């Protein structure tokens, strides 16, 4: 039951935009903090928690969560034992849940890992390397997920006080948390690692049947949904766009502090990315700048700039005029696709028109721009507009099926060269109600219903159409369209008539209207009387009644608010008439006796209501009432 390693994500759903930051440059545990930041708008839960499956801490952990805003929560007040092992940020929306994991090592441990988090694909090799900080004349024990794995003999420690554990060909079962400990040492002095194993090669999907995008600048392809998880400092479908220095988040919307910048911060993202320094920084405390010629997260990428390009440690190659590309290897004469959307969303069965623009010298023509769907089918544009600086092509896409979800590719080819760009297409299923509308109230000429309680397909719901018509005739359907899921009242109906009522839901986009849901058959009530009703009330007196001067008859509404009061000034009159009662409205009735200025206790409260079936008194229909009659 460990969740750390290759979290085989389902193909449905989305990766939530969550970043967990740790200020690893902090000199002491008292200054250390974790910050969990999200770019999601509808996050219902965001919390930093600890996992004790590997390293147990005292029952009362000291650190606490402090919410800075709806999009950020921080954890402070860590003890020394808190800061060894696994912590994570859990974020939830109504539809999705994402857990971002951080592994913390004791800065005073005897063994220090060279790289804490590693992500590899199935069948690839991996090596965990540790440096001996405080030497012990004992062997080193390795564990995986808390269980013994193997032993490294003390004689195997190499020059530079380094030793390692190599896995030549990893499988999914190899994922998890590894630890290296001197025999007899406390677990708090161990080196901890995390191995994330994703699907096979650059593929994604339940059977690894789809191609991943080319994730640039250290991005990692998510093997469940086919999206690039971009390292801190980059964004875009393929992580091709560099943020401004000090920025991070899916759309570069977050910013490190102005004083410190992103120096000294470890950034953890949803699996299978793991954790790294921000672009431009490296080493365990993320405090060393990249060496000349290197850039990116952990300074792990080499620029290799051509044609006069220069290496920027935060963004990579900066190309001179006339050149572009990751390594400045592409001439501006080479055609280039511009303003390519990172992802598009369409509805099932729709026939969308998709537009692309490309530049180049010579300029691309209509036949030189192609669109390749996720299933490999190639489309040719049916319309092109050529301008002096660009060509715009429009493609009419056949009716979409669920199989069309995946990576699509636009490709342009001229005598000057070629260019291509991939983007994610998601096919959404229009929503359909799972149950008929639920009736809340019925009258002779109106019905109140709850239109939808659950539905299949994809949201959000942007409109609700309630359709209704008499059951036993051929009249056309009438409809009411609303933009929310509140109760709907149908007006101007006919008494004692069966109506068919059903609902149709719509989500955003063309052809977002789903099929009509199940029907409800509802019969309206009998015609209510048009005149106000009069209630005749009579009462009996107990045998032991004290001297009395008269009676008070009180009529209440359903909230016990006084509506009417009659004073019967003779103790010999034991009846009263209450007028102007409304139809189908519940009332409360009580009688009190008084003598001079003293008021006795009230009778039991009677609940009464008049409708088409007669008078209802205190829980039963009164066909021959003794205490009250209505007209």
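The values are calculated or read from the model by the stated rules, or taken from the named source; none is laboratory data. All values reported here derive from a predicted model rather than from experimental measurement. Please note: Cβ atoms are built from the backbone with ideal geometry, for glycine as well, and neighbour counts cover all protein chains shown.
I'm checking my understanding of the structure. Among residues of region 535-554 that are part of a loop (DSSP other than H, G, I, E, B) and in contact with a strand residue (DSSP E or B) (Cβ under 9 Å, 6 or more places away or on another chain), which one is farthest from residue 452 (Cα to Cα)? Spell out the reasoning first.
We begin by selecting, within region 535-554, every residue part of a loop (DSSP other than H, G, I, E, B); these are 539-549.
Still in the running and in contact with a strand residue (DSSP E or B) (Cβ under 9 Å, 6 or more places away or on another chain): 539, 541, 545-549.
Values: 539: 48, 541: 53, 545: 57, 546: 59, 547: 61, 548: 58, 549: 59 Å.
Going through the qualifying residues, I end up with 547.
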Residue 216 vs. criteria closer than 21 Å to residue 123 by Cβ, surrounded by fewer than 23 Cβ atoms within 10 Å (Cβ to Cβ) and at pLDDT 90 or above:
no
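Here is a yes/no grid of residues against (1) buried (at least 21 other Cβ atoms within 10 Å of the Cβ); (2) more than 34 Å from the chain's Cα centre (by Cα):
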residue	(1), (2)
231	yes, no
234	yes, no
245	no, no
248	yes, no
270	yes, no
280	yes, no
285	no, no
294	no, yes
308	no, yes
Just checking: which of the strands (runs of 3 or more DSSP E) contained wholly in region 474-534 hold 3 or more residues that are under 30 Å from residue 344 (Cα atoms) and assigned by TED's automatic domain parsing to the domain that holds residue 454?
498-506
Wholly inside region 255-366, strands (runs of 3 or more DSSP E) that include 2 or more residues that are over 18 Å from residue 241 (Cβ atoms) are 266-269, 274-277, 343-347, 353-359
Would you confirm, using the coordinates I've provided, whether residue 239 is within 30 Å of the chain's Cα centre (by Cα), within 27 Å of residue 205 (Cα to Cα) and not in a strand (DSSP E or B)?
yes
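Just need a number here: residues in region 315-331 that are farther than 23 Å from residue 234 by Cβ and in contact with a strand residue (DSSP E or B) (Cβ under 7 Å, 6 or more places away or on another chain).
Residues of region 315-331 that are farther than 23 Å from residue 234 by Cβ, as a first pass: 321-322, 331.
Filter again for in contact with a strand residue (DSSP E or B) (Cβ under 7 Å, 6 or more places away or on another chain), leaving 322, 331.
Final tally of qualifying residues: 2.
May I ask you to list the residues in region 133-182 that are assigned to a loop (DSSP other than H, G, I, E, B) and touching a strand residue (DSSP E or B) at 6+ places or on another chain (Cβ under 6 Å)?
If we filter region 133-182 for residues that are assigned to a loop (DSSP other than H, G, I, E, B), which is where we start, we get 133-139, 145-146, 153, 157, 159-161, 168-171, 175.
Those that are assigned to a loop (DSSP other than H, G, I, E, B) and touching a strand residue (DSSP E or B) at 6+ places or on another chain (Cβ under 6 Å): 133, 136, 138, 139, 145, 157, 161, 170, 175.
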What is the residue count in region 438-469 for residues that are over 32 Å from the mean Cα position of the chain (by Cα) and either under 24 Å from residue 95 (Cα atoms) or assigned to a loop (DSSP other than H, G, I, E, B) (or both)?
4
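Can you confirm whether residue 484 is exposed (fewer than 13 other Cβ atoms within 10 Å of the Cβ) and within 22 Å of residue 430 (Cα to Cα)? Reasoning before the result, please.
Values: exposed (fewer than 13 other Cβ atoms within 10 Å of the Cβ): yes; within 22 Å of residue 430 (Cα to Cα): yes.
Judged against the criteria, residue 484 is a match.
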Residues of region 208-218 satisfying the condition of being in contact (Cβ under 8 Å) with a residue 24 or more places away in the chain and in a loop (DSSP other than H, G, I, E, B):
212, 213, 214, 215, 216, 217, 218
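Considering only region 415-437, state which residues are in a strand (DSSP E or B) and more than 19 Å from the chain's Cα centre (by Cα).
The initial filter retains those residues of region 415-437 that are in a strand (DSSP E or B), namely 417-428, 432-433.
If the condition is that a residue be in a strand (DSSP E or B) and more than 19 Å from the chain's Cα centre (by Cα), then 417, 418, 419, 420, 421, 422, 423, 432, 433 are the ones that fit.
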Residues in region 378-390: is at least one under 21 Å from residue 213 (Cα atoms) and assigned by TED's automatic domain parsing to the domain that holds residue 351?
yes
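Condition check: under 26 Å from the mean Cα position of the chain (by Cα), touching a residue at least 60 places away in the same chain (Cβ under 8 Å) and surrounded by 18 or more Cβ atoms within 10 Å (Cβ to Cβ). Does residue 505 satisfy that? Let's see the steps before the verdict.
Details: under 26 Å from the mean Cα position of the chain (by Cα): yes; touching a residue at least 60 places away in the same chain (Cβ under 8 Å): yes; surrounded by 18 or more Cβ atoms within 10 Å (Cβ to Cβ): yes.
Taking the combined requirement at face value, the residue satisfies it.
The rows are residues; the columns are (1) crowded, with 18+ Cβ neighbours inside 10 Å; (2) modelled with pLDDT of 95 or more.
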residue: 297; (1), (2): yes, yes
residue: 323; (1), (2): yes, no
residue: 339; (1), (2): no, no
residue: 348; (1), (2): yes, yes
residue: 357; (1), (2): yes, no
residue: 366; (1), (2): no, no
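Here is a yes/no grid of residues against (1) under 30 Å from residue 213 (Cα atoms); (2) surrounded by fewer than 19 Cβ atoms within 10 Å (Cβ to Cβ); (3) out of contact with any helix residue (DSSP H, G or I) (no Cβ under 9 Å at 6 or more places or on another chain); (4) modelled with pLDDT under 90:
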| position | (1), (2), (3), (4) |
| --- | --- |
| 440 | no, yes, yes, no |
| 469 | no, yes, yes, no |
| 488 | no, no, yes, no |
| 532 | no, yes, yes, yes |
| 541 | no, yes, yes, yes |
Taking region 368-378 and keeping only residues that are surrounded by 18 or more Cβ atoms within 10 Å (Cβ to Cβ) and in a loop (DSSP other than H, G, I, E, B), one is left with 373, 374
Answer with yes or no whether residue 195 is in contact with a helix residue (DSSP H, G or I) (Cβ under 9 Å, 6 or more places away or on another chain) and surrounded by fewer than 21 Cβ atoms within 10 Å (Cβ to Cβ).
no
Criterion (assigned by TED's automatic domain parsing to the domain that holds residue 352, surrounded by 14 or more Cβ atoms within 10 Å (Cβ to Cβ) and in contact with a helix residue (DSSP H, G or I) (Cβ under 8 Å, 6 or more places away or on another chain)) met by exactly one of 420, 413
413
